[in-house]
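Each reported figure results from applying straightforward, stated rules to the coordinates on display, with no laboratory input. Just so it is clear, the model here is predicted, and its values are computed rather than measured. Cβ placement follows ideal geometry from the backbone for every residue including glycine, while neighbour counts extend to all protein chains displayed.
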Amino acid sequence: MSDSVAYFNGEWIRSTDLAVPVSDLGFLLGTTLTEKLRTFGGRPYRAEAHLARMRNSIEIMGWNADAIIHEAATAVDEFMTRNSASMVEGDDWNITLFVTPGKSADAMSPTVCVHGYPIPFHQWAHQFLQGVEAVIVGTRQVPTNCWPAELKCRSRMHYYLADRQAAKHSRQARAILLDQDGYVGEGSTANLIAYYADRGLVTPKIAKVLPGVSQHVIFDLAESLGIRHQEQDLLPADLSQADELYLSSTSICLLPVVNLDGLPIGTGQPGPVFQKLLTAWSEQVGVDIAAQAQKFAIR
């Protein structure tokens, strides 16, 4: 990261010099909107979908979406050019975009930042083969009468507390949160997808969770493979009966959950449908996703 440059309020500066003033409402009140993209082959993947989701979040806040999205989209494109010399062939990067209202609630002078770094594959490369352990925790999702589920923001204390609770069960465990009615919601920073042999892919109702860009990629891949998909309310007991279970998000793409609350999911190993989906995704982007993670896990 020390060799990369970042966009910050109209200027390109060293990433190590990035700093948000303590008077910024993004710091004072946590009013920060964010998107994290990843690259494949050195190019931003599904950038349009991420920017569309960011636009929706900005419109919910009542800020000037046209101006902010134009600035952010231009910076995302230029980020790749300015940092090309720091990128290793075959490796890929995370690109983080965040926006705050700046120092005034009306966001007349918003803070806009785009920065990035090589994807930290070492954190999960082994999980493509070994799978993920997950725990349903007591911490609940933020109810939609606090803010809409589709608002992607940095106010993530609930995720932090959920992961801390999961870590008490196992240091490597990922947290799964329920909503206020006791239905399955999300993993911390990831969408949850179940697979049943008789129903196909089943996700919690999208209106109740943050709509995932990677989740929609998986839906597209499933259709191409002839795998059905649907959304419905799921109880914790429904998850335990799944043949396979996955987490999906931008950086990891797709990981198999093989153990839930100390009990195996399916055979307790990454399943065949997971392998089909990951292979199809790899073919789509021209990168062996699991192999790349293994190769660059040690830098």
Task: ³J(HN,Hα), Karplus 6.51/-1.76/1.60, whole Hz, each residue of the range 105-118, x for Gly, Pro - done: 5, 7, 6, 5, 10, x, 8, 10, 9, 10, 9, x, 6, x
Open item on the list: I want to check the label-to-label distance for residue 216 and residue 263. Put each point 7 Å from Cα in the C-beta direction and report it in nm to one decimal.
Closed with: 3.5
Open item on the list: Would any residue of the range 12-35 have its amide N under 14 Å from a label point 7 Å out along Cα→Cβ of residue 104? List them or say none.
Closed with: 25
Task: Rounded Å value of the spacing that divides the Cα centres of the range 252-279 and the range 13-44 - done: 32
Open item on the list: At R0 = 30 Å, how high is the FRET efficiency between residue 288 and residue 117 if r is their beta carbon distance? Nearest 0.05 is fine.
Closed with: 0.85
Open item on the list: Could you sort the peptides 226-238, 41-53, 183-195 by per-residue average Cβ neighbour count (10 Å cutoff), highest mean leading?
Closed with: 183-195, 41-53, 226-238
Open item on the list: Using only the alpha-carbon atoms, how far is helix 213-224 inclined from the longest principal axis of the chain? Give it as 0 to 90 degrees, nearest 10.
Closed with: 50
TODO: With runs of 4+ DSSP H residues as the only contributors, calculate the mean residue ellipticity of the chain at 222 nm using -39,500 (n - 2.57) per run, divided by the residue total and rounded to the nearest 500.
DONE: -9000 deg cm²/dmol
Open item on the list: Check which residues have an amide H placed less than 5 Å from residue 186's amide H, if you skip close sequence neighbours.
Closed with: 177
TODO: Neighbouring Cβ atoms within 10 Å as the yardstick, rank 239, 263 fewest first.
DONE: 263, 239
Task: Neighbourhood charge, 10 Å Cβ-Cβ cut-off, centred on residue 40 and excluding it, Lys, Arg +1 and Asp, Glu -1 - done: +2
